[in-house]
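Visitor: Handing you this structure, nothing more for now.
The values are calculated or read from the model by the stated rules, or taken from the named source; none is laboratory data. Note that the structure is a prediction, hence the values are computed from the model and not measured. Note: ideal-geometry Cβ built from the backbone for every residue, glycine included; neighbour counts use all protein chains shown. Quick note on the areas: whole protein, heavy atoms, side chains included, nothing else; ligands and nucleic acids left out. Shrake-Rupley method; radii C 1.70, N 1.55, O 1.52, S 1.80 Å.
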Amino acid sequence: MEPTEAEPINISTNPSQFPGPQTSYRGGAFFIAIVIILLFLGTAVVAVLIERNRDTLSYKSVPLSAVIIAINPDTFVVPATGREEMRVEKALEVKAGMELRTSRTGEAALVYPNGALTILGPDTQVVIESLEEGGNSSRLHLLAGGIWTRLERLLKEEEKYEVRSGGLVTSVRGTEFEIEAQGETIAITVLSGEVALGAEAPIGSTSQFTVAAGEQASVRRDGAGLVTDQVRVGALGREEAIQRITAHSTAVSRLMANVETRKALNSDLPSAGITAEQPIFYGLERFIENLATATTLNQDRKASRLLALAEERLNEAQELAALGSEKVQVPLKEYSRLIGIVASTEASEDVRALLAEASVKHTQLIDDLDGKVAEVARPFLRQALHASEQGSLTALSALAEDNPDKALELGVEAQKQFLRRAQEQAASLDSLNVFWTLRAYDAMNRRLDILVEDDPDSLSSFAGSLTKDLGTMEMLGRVSETLSPGVTQTVKAVKNRVVDIQLTAIADVMLTDPERAVSLYTQSAGKLVDKIQKEQERGQSGQENFEELVMTYEKYAKFGADVSSLAAGLRVGDTTVKELVDVATSQHNKVLENVARKVPAEAERGIKQAISASEVEPTPEPPPTPTESMRVLERFVEQKKTERPSGELELPLELPTEIPTPAPTSGERELEERKTPEPPTNTIIPESALPRIPDSAPSIQTIPASDRGGGR
């Protein structure tokens, strides 16, 4: 049989001839894709739910009781029951009756729920005589050694903080001071505010004394530990002031670096987690956060979430700064955006208070980053400071609508912190940041002046607080003497603004409570006269500061003369406003006339000019009625309000600027529209004084002077 030729096999590539396998493959791929998408969505939903339920605010809970924390080892406590002393290993709650002791190398801190802080130095022994729940009223007995106390909030009438030692009792209502009991001497040094000294038994002709910021009082005691000698008050020298400010700042840094402190205060920032150094995962985390925020409908919870996220960005910035990464600008920019959004969110009174409180805390944290970040990121650092300070101002404005007392309390606390920071910056020769901090302080002052103008009680508290601030700025001026001339100009400008704001506040109080207004005026003018007299006794009458004090008193004297003339018909009990002011002025002028006889001719002329400013025009006949006097006084108050400071401080040309203030974020622009309007200002920061941002930095516009807030 002959072989036959094999027929060619026809292999078709038409998929339609093989429908089964191909269709099965495509169906499987589609199913797998659906499963992957569902898994991704499910994971995203779970991640969003977890993110929404996360509460990371570091300052929402504070200790309910005062605690003792060992900064350095060898701190001991003797319980009130009298048992054997025990070493402090971790944060320990303290109670009345306890005795605290540090060794020669020991150092400890008493931390109160209200934010007050007492540092116990080496070889110190203290008994807690009384301590109310919350720490708002306490009394310590210093047996030996030294303690330093910082109390920045303004205590209410029923609250107190006292330290007893050797028959002397120091009483404070918002200040920073030291008291040392070494051998036969007790010394009290005040760095801000003022301290009232009361003697348990009269010393000389009196048992009451006042020590102001920048002063140091000392007194001797006998073998039984009781005061026996006259209190001597002297000025604190510049070098010693710098040394003490630096030492206190260092002690607080050591305290806050202590793990036990952060646990006790719940002050750790939220964990940074993924940072901008891992861009893919960082972007995914931000996406989940934004989705969780967008699906949070409750405005209070949303605002709290955004505030917590802003804190997390700060922690990221700290970690990246420690690594020297230029990407630190990413979380700083995001922080500015988040704070701007929170500030413009309609939220409850509690959340507003939380934002105002947190913003001040954030300002300190951002400030600590200065000098640690790369040059390209520094404009974003300034922007973050600006956003933080603006957020605080806006939160206080909204809070004041519902709770003006709380708004004032938080605002005054922020003022004290700004002044303390300025002192620390001056002590470390940081001229530029002294300016920005004082600018923020001034912005807070102007905002509080507007917020409390319709509340006589708040106005009175505000005016009294400014009297203490003026004393603190005297101390700041002394510490800043060797810095750039621009810093000296700034301190002077801020002091002048404070005086103008205070006199306006006192005039406003005069409309509703003339007696209280006269008391505020008398107290403020009297403290100035006391300072002038002390400067003359110290041989400082030829110095520039003496001349400034006299010129400031002249402002008060002119104000007193105006009020005396305009309110001649207003009665206060059995007397009149005019008679009360005239009596106070007469007492002040007698002191100044005595000072004038002991100073050089030029200083004498200045004092006589200040005295002449207090001269009052004769009361017309017949005298005006109370209604007529009140009508005239109302016009006077309105005139004073138009003269109060407006606009931001002008940047002195003597200050070298390294960083322009960046343009506001969208949140900040919305925030600006919500602010209480202020009179227009002609204050302009010369653009020539602001250097160009490095080309490597992202484009950021400089804020026009009219758009700048209280930021730095």
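Visitor: Of everything in the range 357-398, what is open to solvent by 20 Å² or more (accessible area, probe 1.4 Å) and among the basic types (Lys, Arg)? Give them in sequence order.
Guide: Residues satisfying the conditions are Lys361, Lys372, Arg378.
Visitor: Within the range 529-576, count every residue that is within 30 Å of Leu633 (Cβ to Cβ) and either surrounded by fewer than 17 Cβ atoms within 10 Å (Cβ to Cβ) or in contact (Cβ under 8 Å) with a residue 40 or more places away in the chain (or both).
Guide: Step one: list which residues in the range 529-576 are within 30 Å of Leu633 (Cβ to Cβ), which gives 529-532, 548-576.
So of that shortlist, the ones also either surrounded by fewer than 17 Cβ atoms within 10 Å (Cβ to Cβ) or in contact (Cβ under 8 Å) with a residue 40 or more places away in the chain (or both) come out as 529-532, 548, 550-575.
Summing the residues that are within 30 Å of Leu633 (Cβ to Cβ) and either surrounded by fewer than 17 Cβ atoms within 10 Å (Cβ to Cβ) or in contact (Cβ under 8 Å) with a residue 40 or more places away in the chain (or both) in the range 529-576 gives 31.
Visitor: Mind checking whether some residue in the range 400-419 is surrounded by 22 or more Cβ atoms within 10 Å (Cβ to Cβ) and touching a Gly at 6+ places or on another chain (Cβ under 6 Å)?
Guide: no
Visitor: Which condition from (1) over 25 Å from Leu549 (Cα atoms); (2) open to solvent by 30 Å² or more (accessible area, probe 1.4 Å) is the one that Ser612 breaks?
Guide: Only one criterion in (1) over 25 Å from Leu549 (Cα atoms); (2) open to solvent by 30 Å² or more (accessible area, probe 1.4 Å) is unmet by Ser612, namely (1).
Visitor: Something else now. List every residue pair whose Cβ atoms lie under 9 Å apart, where the two residues are 6 or more positions apart in sequence or sit on different chains, the first residue falls within the range 326-341 and is farther than 9 Å from Phe380 by Cβ, and the second residue, located anywhere, is open to solvent by 60 Å² or more (accessible area, probe 1.4 Å) and outside any helix (DSSP H, G or I).
Guide: As it stands, the answer is Glu326/Ser696; Lys327/Glu277, since those pairs meet every condition given.
Visitor: If you scan the range 501-519, which residues turn out to be over 29 Å from the mean Cα position of the chain (by Cα) and closer than 14 Å to Asp454 by Cβ?
Guide: Leu511, Thr512, Asp513
Visitor: Then there's this: Restricting to the range 338-356, give me the number of residues that are surrounded by 19 or more Cβ atoms within 10 Å (Cβ to Cβ) and in a helix (DSSP H, G or I).
Guide: Counting residues in the range 338-356 that are surrounded by 19 or more Cβ atoms within 10 Å (Cβ to Cβ) and in a helix (DSSP H, G or I) gives 12.
Visitor: Determine whether Glu602 is among the acidic types (Asp, Glu) and either surrounded by 14 or more Cβ atoms within 10 Å (Cβ to Cβ) or not in a helix (DSSP H, G or I) (or both).
Guide: no
Visitor: Of the residues Gly145, Gly82, only one is closer than 22 Å to Asn258 by Cβ and either in contact (Cβ under 8 Å) with a residue 40 or more places away in the chain or open to solvent by 20 Å² or more (accessible area, probe 1.4 Å) (or both); which?
Guide: Just a single option satisfies the conditions, and that option is Gly145.
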